[in-house]
Amino acid sequence: MAGMAVLTEPGQPEPGQPEQVRPGPALGQPESAAAGPRGNPGPAEPGLVLGRLRHVRVGRYLQTHPKLVDGMLAAGLSLIVFAALLDTLAKASGTRQLTVLGLAALELLLVVWRRQFPMVVLAACLAVAGVQALIGSAVASNFGVLVAFYTAAAQGTRRVRRAATVAMAVATVVGSIAWRTQNHAPVPANLIVLGLVVVTAGVLGRNAGTRRAYLASLTDRADRLERERDQQAQIAAAAERARIAREMHDVVAHNLSVMIALADGAEFALDSSVPQAKQAIMQVSRTGREALAEMRRLLGVLRADGAADGTAPQPRLTDLDALIGQVRQAGLPVLLTVTGKPLDLPAGVQLTIYRLVQEALTNTLKHAGPAATAAVELRYDRRGITVDVRDTGQGANPAGGPAAPGGQGLVGMRERSAVYGGTVQVGPGPDGGWRVSTWIAADGKVPG
């Protein structure tokens, strides 16, 4: 039992086993448990062979050279083995002394390869111990067998552990009988002593293996959570970029269309009605300022300094009157009709409806022609709201019609509506012109 303290985990990762990396503070571990820089992590517990030395440069060097550590372990065990063989060497002749010392050295030398070939080393150590028993060498000197059994129990598979346990059980019985000729104690007493020593080595090894597997599972979990966090961040960033792209398209396309229509009207009115032309130019200025303010609000989310940027609230259904008034000033007659009892819609649903109407009217301005008119109808029912935008234009690509290659309008409308379970329908109206229509649930939830 005196030699069992050296059988504790020396602190090196076994071949084929993951490194012992602390799971990190995210899993409830204290930050002080960290050791070493990234890429050269320390163990989660100090161990008894290297102790706190494992957290300094020398310890990290030894962690990367497991054979050196095992060689040092074998050298330390050699002192104990030599002390156990003193009585045997005193009674032996010169040739027998060399044989006893050679077998003991061979058994300890095998310990150096215990991590790479645990079962092979155990079998070889048991074979050497058997030869030692035949020549009358001290049974108490077989510390290499205990180290090999500890390693097999720590890193072996279930089948390897079972085979090692059976082999050690047989070796314990044989060793108890052979030991009787040396200490003259009853075989049951020898069996109890050797059995306790063997069981202790196996339990320590199994405990080390279980702890190593537990730490490996924590490490894997921490890595997996880190990967999932990075993926979620990338997904969120992509969604935010898409949202900003849609918002920018809606803001820029609508306001520029209004400004172009107003500028064209001012050009025609310059020769006939200077006051009307002046009013149109003033409206162009106001529209430009509104567009610039909205762009600043949208781009404000990209600020890195985190300072307050005075962003305004997102548009709601109450802002539809101002939107339609702006379109009317650009020269497009628009009729707004609301039927049914208004519902208290979520802010996201209101923004979606606002942007859909804005995009549809913008396309009417651009494509419906000079004599076109438009109608916006909001129909409330008990479950949601229907949005219907129609125009009388005869252009090639009126309200919500197929967007030009690379356009964001129709795609943006469909994506916004799909978030709340709606499906945008775009096509020719029953009385000519074009129609954009969708239905969205009042609670903003996708129908199950």
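The values are calculated or read from the model by the stated rules, or taken from the named source; none is laboratory data. It should be emphasised that the depicted structure is a prediction, and the values quoted were computed from it without experimental measurement. Ideal geometry is used to build each Cβ from the backbone, glycine not excepted, and the neighbour counts take in all protein chains shown.
Okay, here's what the table says:
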{"read-out": "One residue from ALA104, ALA74 being surrounded by 19 or more Cβ atoms within 10 Å (Cβ to Cβ), among the small types (Gly, Ala, Ser) and under 50 Å from the mean Cα position of the chain (by Cα)", "value": "ALA74"}
{"read-out": "Members of the range 381-395 found to be among the charged types (D, E, K, R), part of a strand (DSSP E or B) and within 44 Å of the chain's Cα centre (by Cα), listed by number", "value": "ASP388"}
{"read-out": "So MET259, is it under 20 Å from PRO315 (Cβ atoms) and either part of a helix (DSSP H, G or I) or within 28 Å of the chain's Cα centre (by Cα) (or both)", "value": "yes"}
{"read-out": "Long-range neighbours under 7 Å by Cβ, at least six apart or interchain, first residue under 14 Å from THR352 (Cα atoms) within the range 229-253, second assigned to a helix (DSSP H, G or I) and of a type in the set (Gly, Ala, Ser)", "value": "ARG246/GLY412; HIS249/GLY409; HIS249/GLY412; ASP250/GLY412; VAL251/ALA291"}
{"read-out": "Qualifying position, being crowded, with 17+ Cβ neighbours inside 10 Å and under 30 Å from LEU85 (Cα atoms), among ALA222, ALA189, ALA178, ALA185", "value": "ALA178"}
{"read-out": "Residue that is part of a helix (DSSP H, G or I) and either among the β-branched types (Val, Ile, Thr) or assigned by TED's automatic domain parsing to the domain that holds PHE149 (or both), where the choices are ALA242, ALA238, ALA222", "value": "ALA222"}
{"read-out": "The one condition in (1) under 22 Å from PHE149 (Cβ atoms); (2) at pLDDT 75 or above that ALA84 fails to fulfil", "value": "(2)"}
{"read-out": "Cβ-Cβ under 9 Å pairs, at least 6 apart or on other chains, the range 116-136 side within 16 Å of LEU98 (Cβ to Cβ), far side hydroxyl-bearing (Ser, Thr, Tyr) and in a loop (DSSP other than H, G, I, E, B)", "value": "VAL131/SER137"}
{"read-out": "Count of the range 142-191 residues which are among the β-branched types (Val, Ile, Thr) and within 26 Å of LYS67 (Cα to Cα)", "value": "6"}
{"read-out": "Test: LEU378 is in a strand (DSSP E or B), exposed (fewer than 15 other Cβ atoms within 10 Å of the Cβ) and either in contact (Cβ under 8 Å) with a residue 60 or more places away in the chain or of a type in the set (A, V, I, L, M, F, W, C) (or both)", "value": "no"}
